[in-house]
Every structure is written in C-alpha cells, then in structure tokens.
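The values are calculated or read from the model by the stated rules, or taken from the named source; none is laboratory data. Quick caveat, the model's predicted, so the values are computed rather than measured. Positions of Cβ are generated from backbone atoms using ideal geometry, with glycine treated the same way; all protein chains shown enter the neighbour counts.
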Amino acid sequence: MNMTKSVTWFGIVLATVTLGTTAGWAQAQPPATSVGPGRITCGNAKSCELTIGTPVSLRYKIDPAALAAADRERLAKCTAKGAPCIATVTGAEEKTGVKAASIKFFN
C-alpha cells in the first residue's frame, strides 16, 4: 500500500513539473523588429517617436527603457528644437510601438 501511494505521488509531481515546463516553452516571444532609419525625437526620457518620410508617412512610438545608459543619454538630446537625430531602432514590437533593445545613430 505504501508503494502505491509513493508511485501515485511521484506521478502527480512529474505531471505537474512537465506541464509547468511545457507551458513556459509555449509562450511566444514578441516578434523582433527594426524600424528606421528615421528622425527620432524625445519629449522626455520615457517618450520618443521615430518618424519616417518627408512629409511624415510613418510614426513609431519608441520605449527606450531597455537601452544602455549611454544611448538613453544621447536620446535625451534628440528634441524637436535641437539638431535632428537620425537612427534605426531594433527591438520587440508591442501594441503601443517598439520596445527598443538597441539603437544605431547615423549622425
């Protein structure tokens, strides 16, 4: 009787671990995307916009939170009043825009 309870308990634990592990694998990562080159302007440290075209035909909201500190500092200088910053942003596409993982400046 003890052996039966041990086997049953082991089976339940194994099934739980297996289901938990496969559920983690089933979650898809957000698709990687690259936008630009285009003019990027930032209103503050958390709100940037990349526009493409003259006149502007495409607009992307950029979330710079995941960028390296040096890149975020450089983005802070990219304002509508300052010199234009031309860049390409690579990151994860979200409903509200692009969460930047890296940025390449062209000027």
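If the Cβ limit is 7 Å and pairs must be 6+ apart or interchain, which residue in the stretch 39-54 that is over 13 Å from Gly82 (Cβ atoms) and free of Cβ contacts under 8 Å to residues at least 24 places away in the same chain pairs with which residue that is surrounded by fewer than 18 Cβ atoms within 10 Å (Cβ to Cβ) and among the charged types (D, E, K, R)?
Pairs found: Glu49/Arg59; Glu49/Lys61; Thr51/Arg59.
Restricting to the stretch 31-67, count the residues that are part of a loop (DSSP other than H, G, I, E, B) and more than 13 Å from the chain's Cα centre (by Cα).
7
I'm trying to understand the selection: among the residues of the stretch 35-53, which are modelled with pLDDT of 90 or more and either of a type in the set (D, E, K, R) or loosely packed, with under 14 Cβ neighbours inside 10 Å (or both)?
Arg39, Glu49, Gly53
Among the residues of the stretch 82-101, which ones are of a type in the set (Ser, Thr, Tyr) and more than 11 Å from Ala32 (Cα to Cα)?
Thr88, Thr96
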